[in-house]
């Protein structure tokens, strides 16, 4: 066990130590950094920052700003008359300015546990009690002296790939910005960027538009700027770059881990250059039958739950219908402040997969990971072996997503898996006008996807083409390297209606979204943000050259130096959660059995060592299991993350109250909150003009 250097210190000494550290932070102007425009102040809030301080008060968190050697000027190491006297006159310390240092634009890939934050995006002018991920990450960069806190996130050219809400996590989030560098200097490009942002901001204001957050500066500028025309200055062609990853991870709390960085072109945008976002939503198959009351009273069973076994096969069939380009206005939350009128989005991949119970290993010489997982699952399904409650994950990939779209999709799949809705509900919710789903299905057939065949991805899309030019919506027949096969598209229009297409012609129309609760936020993870290989080359170490020139990792090239610490930290976190989950399962095993409500006064050593339910390993009939559970499932509404609601009088989505149409919501906003907001902007601008002499 490691002994802390603070062990044995008195309370007064600890207080004095904290005051000294806080005073040092104040001298470095960290406490007041960067959030004068970009969010709450002082959000570093990480005990890790203080734990990483050296005992003598010097910080090991910030990247060194010294340019010369240090060490022996204080004394000669001898004693007596030979010792050189130290000068009593202190040298005036020159204030360090990040803006005066060389800089370059990079992309950062990082993970975070969303349960500890108020979402990803920093809130301008609206401090939150719980910090945002960006606020903590930005402050860590200020502490490391990688960015100029006075210029804020907008001045650093900050752009994010996918915005996540409160409670939602990410394993592969990406941001891009200019940071301090010791290899290259792109200050000319940065100055030009800042001038362009100001010009475009003024143009937007003249049009009556207002930027809602720092990402709108990126939207104002757009990705097609000509910043790359300015030549960068190479400072040290043979040296290593600053240790971005290791430094930030020493400052950040254990709930955020920076994984890798990449040099990017000056006009790179994490938002506009992203080709796809891949989400994962985790859920269990549902409780085994012996965790439900044996009472014949359905009212008693539905009142207490838990969530019964979900029909995974039905959920997979419903998920397959998500593939392609559809109108998702009935599977999202309409944010009228955005004034969105186009709700068509394309799903390139959708599958429900069993999560490997151990550490999965991919063997390049064997079957694909999907084939291997399917083989393992088919050996004995969880319905045939009720002792198993497997973990499953919905994998969903698309070029762009609407507000809360993924959580609405998951909830629809839960309704199908719980036998509260038929599989065809997905087709009906896409049918916003007569014949709309039928038109979409014809396009899908031309694209090579046939419902009922088990397809999990769209051919020629971001699911298969690593460098193809894929549009954000409007699935053509096939998209391979951005080229459509027109002859296939013509053939699709000439297809005659078969039985399936005739069924789609008679679907119910959902021109208004029915009211229903979306799935829980906690199990949702932004897994990956995809880019073209020519735009991004991720690495963890300090080497900043092209990876294509490296046939194999070389000892002379640093690609992995900060990984050991981050890997150990994450495994420690996983071990803690895994042990807690197993302990909770044993708490269930220690409960009195539901069939008799009793416990023995004592047990043998073997029974206590291997607790279990008597007779639980007998196989059950799948169809009979569903038939016996269906009435109960009709009374429990799964919401994800183990939560549920009772649904005694559930009559289907078609019978539920409908919301206003998107056009009606947009109009109400323009005439209400939007109008008042525009008036406030106008008054603020007039006030600012009056203050100008």
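The values are calculated or read from the model by the stated rules, or taken from the named source; none is laboratory data. All values derive from a computational prediction rather than experimental measurement. Every residue, glycine as well, gets a Cβ built from its backbone with ideal geometry; the counts of neighbours run over all protein chains shown.
Rundown of residues vs (1) farther than 30 Å from residue 400 by Cβ; (2) modelled with pLDDT of 90 or more; (3) more than 37 Å from the chain's Cα centre (by Cα), yes/no style:
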{"site": "559", "(1), (2), (3)": "yes, no, no"}
{"site": "565", "(1), (2), (3)": "yes, no, no"}
{"site": "574", "(1), (2), (3)": "yes, yes, no"}
{"site": "578", "(1), (2), (3)": "yes, yes, no"}
{"site": "585", "(1), (2), (3)": "yes, yes, no"}
{"site": "588", "(1), (2), (3)": "yes, yes, no"}
{"site": "607", "(1), (2), (3)": "yes, yes, yes"}
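Pick out the one residue from 271, 309, 265 that is in a loop (DSSP other than H, G, I, E, B), touching a helix residue (DSSP H, G or I) at 6+ places or on another chain (Cβ under 7 Å), closer than 29 Å to residue 645 by Cβ and modelled with pLDDT of 75 or more. Steps first, please.
On the way: 271 fails: closer than 29 Å to residue 645 by Cβ; 265 fails: closer than 29 Å to residue 645 by Cβ.
Selected residue: 309, the only one of 271, 309, 265 that is in a loop (DSSP other than H, G, I, E, B), touching a helix residue (DSSP H, G or I) at 6+ places or on another chain (Cβ under 7 Å), closer than 29 Å to residue 645 by Cβ and modelled with pLDDT of 75 or more.
Got at least one residue in segment 216-239 being modelled with pLDDT of 80 or more, surrounded by 15 or more Cβ atoms within 10 Å (Cβ to Cβ) and farther than 28 Å from residue 116 by Cβ? Give the derivation first.
First pass over segment 216-239, keeping only residues modelled with pLDDT of 80 or more: 233-239.
Those left that are additionally surrounded by 15 or more Cβ atoms within 10 Å (Cβ to Cβ): none.
Scanning segment 216-239 turns up no residue that is modelled with pLDDT of 80 or more, surrounded by 15 or more Cβ atoms within 10 Å (Cβ to Cβ) and farther than 28 Å from residue 116 by Cβ.
Identify all residues within segment 653-678 that are over 24 Å from residue 402 (Cα atoms) and at pLDDT 90 or above; write none if there are none.
655
Inspect segment 523-537 for any residue being over 24 Å from residue 176 (Cα atoms) and touching a strand residue (DSSP E or B) at 6+ places or on another chain (Cβ under 9 Å) and give the result as yes or no.
Here is the first cut: in segment 523-537, the residues over 24 Å from residue 176 (Cα atoms) are 523.
Imposing the further condition that a residue be touching a strand residue (DSSP E or B) at 6+ places or on another chain (Cβ under 9 Å) reduces the set to 523.
Yes, that holds for at least one residue.
How many residues does segment 520-538 hold that are touching a helix residue (DSSP H, G or I) at 6+ places or on another chain (Cβ under 7 Å) and not in a loop (DSSP other than H, G, I, E, B)?
Here is the first cut: in segment 520-538, the ones touching a helix residue (DSSP H, G or I) at 6+ places or on another chain (Cβ under 7 Å) are 521-522, 524, 537.
When the remaining residues are screened for being not in a loop (DSSP other than H, G, I, E, B), the result is 524.
The qualifying residues number 1.
With the requirement that a residue be part of a loop (DSSP other than H, G, I, E, B) and either under 19 Å from residue 185 (Cα atoms) or not assigned by TED's automatic domain parsing to the domain that holds residue 109 (or both), what does segment 123-148 give you? Give the derivation first.
In the first step, residues of segment 123-148 are kept if they are part of a loop (DSSP other than H, G, I, E, B); the result is 123-132, 144-148.
144, 145, 146, 147, 148, listed by residue number.
With the condition kept exactly as written, say whether any residue in segment 428-438 is in contact with a strand residue (DSSP E or B) (Cβ under 8 Å, 6 or more places away or on another chain), closer than 15 Å to residue 326 by Cα and modelled with pLDDT under 90.
Among the residues of segment 428-438, not one is in contact with a strand residue (DSSP E or B) (Cβ under 8 Å, 6 or more places away or on another chain), closer than 15 Å to residue 326 by Cα and modelled with pLDDT under 90, which makes the answer no.
Go through 427, 455 for me and flag whichever is surrounded by 22 or more Cβ atoms within 10 Å (Cβ to Cβ) and over 25 Å from the mean Cα position of the chain (by Cα). Talk me through it step by step, then tell me what you get.
Working: 455 fails: surrounded by 22 or more Cβ atoms within 10 Å (Cβ to Cβ).
Going through 427, 455 in turn, just one is surrounded by 22 or more Cβ atoms within 10 Å (Cβ to Cβ) and over 25 Å from the mean Cα position of the chain (by Cα): 427.
The rows are residues; the columns are (1) closer than 22 Å to residue 256 by Cα; (2) modelled with pLDDT under 90; (3) in contact with a helix residue (DSSP H, G or I) (Cβ under 8 Å, 6 or more places away or on another chain).
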position	(1), (2), (3)
540	yes, no, yes
545	no, yes, no
549	no, yes, no
570	yes, no, no
599	no, no, no
612	no, yes, yes
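Given (1) assigned to a loop (DSSP other than H, G, I, E, B); (2) crowded, with 23+ Cβ neighbours inside 10 Å, where does residue 109 come up short, assuming only one miss?
It fails just one condition, (1).
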